[in-house]
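**Q** First the structure, then my questions, so here it is.
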Amino acid sequence: MTVDSFLQKAWSESGPKVISGFSRPLYHNWAGLVYGRKYDKKAYGGMIRHTEAGMLTQWASQIPENGVVVEIGCYGGLSTSYLLNGLQKRHGKIFAIDPFNSDLEKQAELTDNCVPLEQKPTKELVASRLDANGFSGMFELIEGYSQEAARNWDASIKIDFLWIDGNHEQAYQDFKDFEPYLAPGARVAVHDAHPRYGYDAVVEDVKKIFNSRKWNDLEHVKSIISGRIAD
Ligand SMILES: C[S@@+](CC[C@H](N)C(=O)[O-])C[C@H]1O[C@@H](n2cnc3c(N)ncnc32)[C@H](O)[C@@H]1O
């Protein structure tokens, strides 16, 4: 299947109905039930669905031992917690990037304001949540912007899973900025990539991302499009 026909099917009006292959509602719903209800979505102000949450845990649990996840757009730490829940099995580490509640004027300029700026969780609040969830020592919260974090990235740290959920107008740029640091076979997953319940700019950017090189294991979970880079 070409990337374009995969995306067309993933986004078709009636939705994909197959139970195996690129979109697996039974498996995704199972993951959602088993793993995707662990953290309080309302309390964290999170924006992921249960099936998406369950699959973040699943995918994180599949990276190599001592592997590395990078999250762009941590907000209150909901998706971060689901990723860490999977990562525990691998003794892995997550670098979660978000400006949190720093310099709100700069944020108004550099983000797409998809969350109310005056209510942004602090880095300290998110760190305390992650500690309370049992993840001490497994995370580094980077207070800032993905483009800055990419510029300062230590090239010796290879990324096994890149989760893109930051500024919805720069998903492709986020991918390109971190692409040089992706490990062979790394997974990339992009949130809000659905024409009906995502953002048009992300939809256009996932077309660019997944047409820009070869991928394995393309998968569609609600508004997430994911794949693993082919070596
Ligand atoms: C949709 S929310 C993330 C939600 C979170 N992933 C979850 O599911 O719980 C997007 C977050 O990305 C942040 N953001 C915007 N631009 C960013 C950038 N360039 N780098 C990192 N974070 C960014 C926003 O401020 C916001 O906190």
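The values are calculated or read from the model by the stated rules, or taken from the named source; none is laboratory data. In this text the structure is predicted, and so the values were computed from the model without any measurement. Glycine also receives a Cβ, built like all others from the backbone with ideal geometry; neighbour counts cover every protein chain displayed.
**Q** What's the number of the only condition in (1) buried (at least 20 other Cβ atoms within 10 Å of the Cβ); (2) within 22 Å of His194 (Cα to Cα); (3) away from the ligand (no atom under 14 Å from the Cβ) that Arg24 fails to meet?
**A** (1)
**Q** Just the residues that are near the ligand (Cβ under 10 Å from one of its atoms) and of a type outside the set (A, V, I, L, M), please, taken from the stretch 117-144.
**A** Lys120, Pro121, Glu143, Gly144
**Q** Moving on to the next point. Need a quick list: helices (runs of 4 or more DSSP H) entirely within the stretch 140-231 having at least 2 residues that are closer than 18 Å to Tyr75 by Cβ.
**A** In the stretch 140-231, 146-151, 171-178 are the helices (runs of 4 or more DSSP H) which contain 2 or more residues that are closer than 18 Å to Tyr75 by Cβ.
Per-residue answers, yes or no, for (1) more than 18 Å from Gln147 (Cα to Cα); (2) more than 7 Å from the ligand (Cβ to nearest atom); (3) touching a Lys or Arg at 6+ places or on another chain (Cβ under 8 Å); (4) in a strand (DSSP E or B):
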position	(1), (2), (3), (4)
Cys74	no, no, no, no
Gly86	yes, yes, no, no
Lys89	yes, yes, no, no
Asn101	no, yes, yes, no
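**Q** Sticking with this structure for a sec: Take the residues in the stretch 103-115 that are more than 7 Å from the ligand (Cβ to nearest atom) and of a type in the set (A, V, I, L, M), then tell me which one is surrounded by the fewest Cβ atoms within 10 Å (Cβ to Cβ).
**A** Ala108
**Q** Of all residues in the stretch 44-83 being more than 12 Å from the chain's Cα centre (by Cα) and among the polar types (S, T, N, Q), which is nearest to Ile159 (Cα to Cα)?
**A** Asn66
**Q** Kindly list, by first and then second residue, each pair from a residue in the stretch 65-77 that is under 18 Å from Asp131 (Cα atoms) to a residue that is near the ligand (Cβ under 6 Å from one of its atoms) and assigned to a strand (DSSP E or B), limited to pairs with Cβ atoms under 7 Å and residues at least 6 apart or on different chains.
**A** From the stretch 65-77, the pairs are Glu71/Ile97; Cys74/Ile97; Cys74/Asp98; Tyr75/Asp98.
**Q** Would you tally the residues in the stretch 145-163 being of a type in the set (S, T, N, Q) and more than 10 Å from the ligand (Cβ to nearest atom)?
**A** Final tally of qualifying residues: 2.
For (1) of a type in the set (A, V, I, L, M); (2) touching a Cys at 6+ places or on another chain (Cβ under 6 Å); (3) at pLDDT below 95, each residue gets a yes or a no:
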position: Asn66; (1), (2), (3): no, no, no
position: Thr80; (1), (2), (3): no, yes, no
position: Leu87; (1), (2), (3): yes, no, no
position: Lys123; (1), (2), (3): no, no, no
position: Asp131; (1), (2), (3): no, no, no
position: Glu143; (1), (2), (3): no, no, no
position: Trp153; (1), (2), (3): no, no, no
position: Ser156; (1), (2), (3): no, no, no
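**Q** Identify the single condition in (1) under 22 Å from Glu52 (Cβ atoms); (2) touching a residue at least 12 places away in the same chain (Cβ under 8 Å) that Asp200 does not satisfy, given that it satisfies every other one.
**A** Only one criterion is unmet by Asp200, namely (2).
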